[in-house]
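Each value in this text was obtained by applying a stated rule to the coordinates, not by laboratory testing. Because the structure is a prediction, the values reported are computed rather than measured. Cβ placement follows ideal geometry from the backbone for every residue including glycine, while neighbour counts extend to all protein chains displayed.
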Amino acid sequence: GRTFEEAFQKALRMVDENVSGFDPYIQNVTDEELEQPTDKRMFVVAAALKNGYNIDKLYKLTRIDRWFIKKMKNIIDWNTYLESLTQQHLSQAHLLKSKQMGFSDKQIGQAVKSTEQAIRNMREEYNIKPFVKQIDTVAAEWPATTNYLYLTYNAQSNDITFDEQLVMVLGSGVYRIGSSVEFDWCAVGCLRELRKLNRKTIMVNCNPETVSTDYDMSDRLYFEEISFEVVMDIYNIENPVGV
């Protein structure tokens, strides 16, 4: 993402496929859980913001910098506003701002009491689509020329062109019980076989620990969440010859 809100919500979804974003309804609020760092504390912070905790109180309890809490509050405030709307009242401007703040189609659908597919259809009708940007691995010291890519709605143009025939390979995402190195071995094996066949490849994955996310394993690497929405967005942009 190109803003904190966008990157933060995408990161939460990448860590857990069952999370739709910075969701204030996953955890209950207790001051004790705000004070003790755990893997669920972000969602306690979300619930606290939803329940009216101000930035200073949250800073005293969590010691999270006020700048970050303010950005998190932006997400909760916009989610609350979306909940006051119905799908019929969701305008192009509402939808674009939601996407720029990192809301997934599913997340928007939940807020306006609709469905992920209905929101996707609206996006396509309004021509709201993500742009492809290169990850700058040299902190702007030199022009970025890597094949590390990501999607963002906070842009006006793509960093690359889409005039090659490529095959898209989907990674297995984060490591967890039941899905670990063996699944990445399958993805890497697929990439290597395609290379032997002189096929150019696109890798979609979001785990920096994997071999499949090494820069030299594929011709294009999208460091993105493995979800229907994102995979279809990349598919529509790249128009690969196979998946």
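The radius of gyration of the Cα set in the stretch 115-226, together with its Dmax, comes out at 15.6, 43 angstrom.
If you filter the stretch 185-236 for GluC sites (Glu not before Pro), then keep DSSP loop positions with at most 14 other Cβ within 10 Å, what is left? Present the calculation step by step, with values, prior to reporting the outcome.
Values: sites: Glu193, Glu209, Glu224, Glu225, Glu229; in loops: Glu209, Glu224, Glu225.
The qualifying sites are Glu209.
Give me Thr38, Thr80, Thr62 sorted ascending by neighbouring Cβ count inside 10 Å, so fewest comes first. Let's see the in-between values first.
On the way: Thr38 10, Thr80 13, Thr62 22.
Exposure proxy ranking, most exposed first: Thr38, Thr80, Thr62.
Which of rounded, prolate, oblate describes the stretch 4-126, given a ≥ b ≥ c as roots of the alpha-carbon gyration tensor eigenvalues and a/c under 1.5 marking rounded, otherwise prolate only if a/b is larger than b/c? Prolate.
When Asp105, Asp65 are sorted by how many other C-beta atoms sit within 10 angstrom of their C-beta, beginning with the fewest, the order is Asp65, Asp105. Counting charges near Lys60 (Lys, Arg +1; Asp, Glu -1) among other residues having Cβ under 13 Å from its Cβ returns a value of -1. Potential lengthening of the chain between Arg63 and Gln156 amounts to 29.9 nm, from the contour at 0.36 nm per residue minus the alpha-carbon distance.
Report the relative contact order of the chain, percent, no decimals, based on alpha-carbon pairs under 8 angstrom and at least 6 residues apart. Don't skip to the answer; put the middle values down first.
Values: 368 pairs, mean separation 40.9, N = 243.
With pairs under 8 Å counted, the relative contact order is 17 percent.
Here r is the Cβ-Cβ distance between Glu32 and Met232 and R0 is 41 Å; the resulting FRET efficiency, rounded to 0.05, is 0.50.
Dipole of the stretch 92-243 computed with +1 at Lys/Arg Cβ and -1 at Asp/Glu Cβ about the Cα centre; of Gln92, Pro208, Tyr235, farthest Cα towards the positive end is Gln92. For the stretch 148-178, backbone nitrogen atoms closer than 18 Å to the point 7 Å from Ile128 Cα along Cα-to-C-beta are found at 151-157. Working value for the chain: equivalent-ellipsoid semi-axes of 33, 22, 17 Å, each the square root of 5 times a Cα gyration tensor eigenvalue, largest first.
What is the sum of charges, Lys and Arg at +1 and Asp and Glu at -1, for the other residues whose Cβ falls under 10 Å from the Cβ of Ile226?
Details: positive: Arg13; negative: Glu17, Glu224, Glu225.
Cβ neighbours under 10 Å give a net charge of -2.
Add +1 for every Lys or Arg and -1 for every Asp or Glu among the other residues with Cβ under 11 Å from the Cβ of Asp31, and state the total. It works out to a net charge of -1.
For the stretch 81-150, the direction-averaged projected area of the alpha-carbon convex hull comes to 5.8 nm². Taking the C-alpha atoms only, the angle from helix 66-83 to the longest principal axis of the chain is near 90 degrees.
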